[in-house]
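Read the figures in this text as sums done on the coordinates, not as results from a lab. Just so you know, these numbers come straight off a predicted model, no measurement behind them. Please note: Cβ atoms are built from the backbone with ideal geometry, for glycine as well, and neighbour counts cover all protein chains shown.
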Amino acid sequence: MQDLKLLANDNRGLSQLEAGFDLLGWDEVTQGSVLPSFEGDASNIANLKAEERTYSGYNSYTATVASWRVIKPVFNRDICIDCQNCWVWCPDSSILSRDKQMLGIDYDHCKGCEVCVEVCPTNPKSLLMFNEHADLEESLASWPEKKKKEKKSEEA
Amino acid sequence: MAITSIKNLKEFSTNNDRFEGAHTLCPGCAHSMIVRELMNCTNDNLVVSANTGCLEVSTAVYPFTSWDTSWIHIGFENAATAVTGAEVMHKVRKKKGTLKDNDAPVKFVAFGGDGSTFDIGFQWLSGAMERGHDFTYICLDNENYANTGGQRSSATPIGATTSTSVAGTHSYGKKEKKKDIVSIMAAHGAPYVAQLAPNKWKSMAKGFQKALETEGPCFINTVSPCCTEWKFDPKDTIGITDLSTDSLMFPIYEILDGHELNILYRPKNIITVEEYMSAQGRYKHLFKPQYRHIIEEVQKEVDNNWAMLQRREEARV
């Protein structure tokens, strides 16, 4: 049973809830509720980067879905050409991109769907999936070599 | 009007995400790609409403919300009604001058799945379109009720197996054709109606910006491949969308003012419907010899539809 509790604590930011939130039970909730996404003024949010915002504890940005993942994408800066394909198609807003540069992956929000690896156009790919517990250095060291283009006239 | 630059992906990527991660949509779900793109293509304040469906239950799991904008959810069917109510209130308060910031531009957007757009919320959507509010309705079309276990909706194409139109020895899956929602909405006289796909991010962002800019009710049907119910690997979401647009199962086009049709994407190499279907588990049974005629039927339908769209574009009527 203790293991289960540990899991729940790692799950989706529930640990934060236990720390300070006073939540209503399911039978105490009245119809309709308002969840403020931010602390204080939120009128200029579109012009603020994530690190400049004051997220409230209700915003799922403060939560994590890292426990969903079995394999994780690893990013190789040396090969990346900053095309931002991964950024536009990441379903979980977890590609960190600032000033037209790809910086890395937000492992709290990534669910390991592998879409970023599929859309990566470089050769070899600058994003590859590795086991969730794989070491970063080791993963980068085991990066595949550039693939040579197969000759089209082989059949002829 | 604070429209953000979509000249190329690098410029587009300087936008700050207003749709946060850690929602509980499936890995590889196209819904969030589409929603993110809409939220990123403008800097204006947004008032968003969502019908019940995957998007709603996954982005508002109490006590969390993934929306960095005003977001309302009321019932299954009435995102269109809720957001038009908010729009009217905004208009009235602007006139009276009781808003905190009277000049801040606000856009109204409603999201619905295909179940709540084609079937359950159709009357509400039709009413909102007719009343002519200034809002944009975006249908995330994954061709079934994915949230409740993949039941058939009127968006499900012919031949697809769902949990309520199961393929087997006596049935080839759904027997009815898909409703042509884009034409229905164009027939409402809406100023901007389009069908877009997330793999063509630029035409989609352009379409979204156009819809947000256009005054009056706009409708956009977006293809949203569902890895759970279409039965493909989550990593192939964009690949499947490519197949769907290249096989013309989902042609990308817009209709202005109810009649002026523009095709936004012409595939260089049109692939067969068979190729599109073979990539998904929900069409697996159609490759049995006794159901193969369904594929031919769909191919014929798709070809006719494409010819019709091209002729309509040429005729400019």
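Residues of the range B:21-39 with the amide nitrogen closer than 17 Å to a label point 7 Å from the Cα of A:Asp108, along Cα-to-Cβ, please. Of the residues in the range B:21-39, B:21-24 have backbone N under 17 Å from the label point off A:Asp108. Here the Karplus relation 6.51 cos²θ - 1.76 cosθ + 1.60, evaluated at θ = phi - 60°, turns the backbone of the range B:88-96 into coupling constants of 5, 4, 4, 5, 5, 5, 5, 5, 7 Hz, with x for every Gly and Pro. When a/c reaches 1.5 or more, the comparison of a/b and b/c decides; with that in mind, is the range A:91-132 rounded, prolate or oblate per its Cα gyration tensor? Oblate is the answer for the range A:91-132, as a/c is 1.5 or above yet b/c matches or exceeds a/b. Put in order of Cβ neighbour count within 10 Å, fewest first, the listed residues B:Ile72, B:Ile220 become B:Ile72, B:Ile220. Here the Gaussian network model covers chain B, with springs between Cα atoms less than 10 Å apart; of B:Asn221, B:Asn102, B:Asn305, B:Asn102 fluctuates the most. Report, in listed order, any pair from B:Lys177/B:Lys202; B:Lys206/B:Lys300; B:Lys178/B:Lys231; B:Lys175/B:Lys284; A:Lys49/B:Lys235; A:Lys111/B:Lys235 with a Cα-Cα distance greater than 21 Å. Over 21 Å apart, Cα to Cα: B:Lys177/B:Lys202; B:Lys206/B:Lys300; A:Lys49/B:Lys235.
Candidates A:Asn47, A:Tyr61, A:Cys86 compared by Cα position along the dipole of the range A:35-116: farthest toward the positive end lies A:Cys86, with charges placed on Cβ. Rounded to the nearest whole Hz, the Karplus-based 3J(HN,Hα) values (6.51 cos²θ - 1.76 cosθ + 1.60, θ = phi - 60°) of the range B:292-307 follow the sequence 4, 5, 5, 4, 4, 4, 5, 4, 4, 4, 5, 4, 4, 5, 5, 4, with x at glycine and proline.
Is it possible to state the helix-based mean residue ellipticity at 222 nm for the protein assembly as shown, with each DSSP H run of 4+ residues giving -39500 (n - 2.57), the sum divided by total residues, to the nearest 500 deg cm²/dmol? What is it? Mind showing how you got there, number by number?
On the way: 15 runs with 141 residues, N = 473.
The per-residue figure over the protein assembly as shown is -8500 deg cm²/dmol.
What is the sum of charges, Lys and Arg at +1 and Asp and Glu at -1, for the other residues whose Cβ falls under 9 Å from the Cβ of B:Asn262? After counting each charged neighbour, the total is -3. Exposure proxy for B:Thr169, B:Thr148, B:Thr52: other Cβ atoms within 10 Å of each Cβ, ordered fewest to most, give B:Thr169, B:Thr148, B:Thr52. Sequentially through the range B:12-20, phi angles give Karplus couplings (6.51, -1.76, 1.60; θ = phi - 60°) of 4, 6, 7, 6, 9, 4, 10, 10, 8 Hz, Gly and Pro residues having no value and appearing as x.
Taking the Cβ of each residue in B:Val182, B:Val57, B:Val109 as the centre, tally the other Cβ atoms inside 10 Å and list the residues starting with the fewest.
Numbers: B:Val182 21, B:Val57 16, B:Val109 26.
Ordered by Cβ neighbours within 10 Å, fewest first: B:Val57, B:Val182, B:Val109.
Here's how it looks for B:Phe232: its modeled amide H is under 5 Å from those of B:Gly281, which are all 5 or more places away or on a different chain.
Between the C-alpha center of the range A:53-105 and that of the range B:1-78 there is a gap of 15 Å. For a quick check: with amide H placed at 1.01 Å from N, whose amide H comes under 5 Å from B:Thr42's, ignoring anything fewer than 5 positions away on the same chain? Under 5 Å from the amide H of B:Thr42: B:Thr4. Rounded to the nearest 0.05, the FRET efficiency derived from the C-beta distance between B:Thr164 and B:Arg316 at R0 = 60 Å is 0.90.
Counting only Cβ charges, +1 for Lys and Arg and -1 for Asp and Glu, the dipole size of chain B around its Cα centre is about 40 debye. A Förster distance of 60 Å, applied to the separation of the beta-carbon atoms of B:Glu274 and A:Glu39, puts the FRET efficiency at 0.65. Under 15 Å from a point 7 Å along the Cα-to-Cβ line of B:Asp44: which residues of the range B:179-201 have their amide N that close? Once the point is set 7 Å along Cα→Cβ of B:Asp44, B:191-192 turn out to lie under 15 Å by backbone N, inside the range B:179-201.
Based on C-alpha pairs under 8 angstrom that are at least 6 apart in sequence, the range B:23-100 has a relative contact order of 31 percent.
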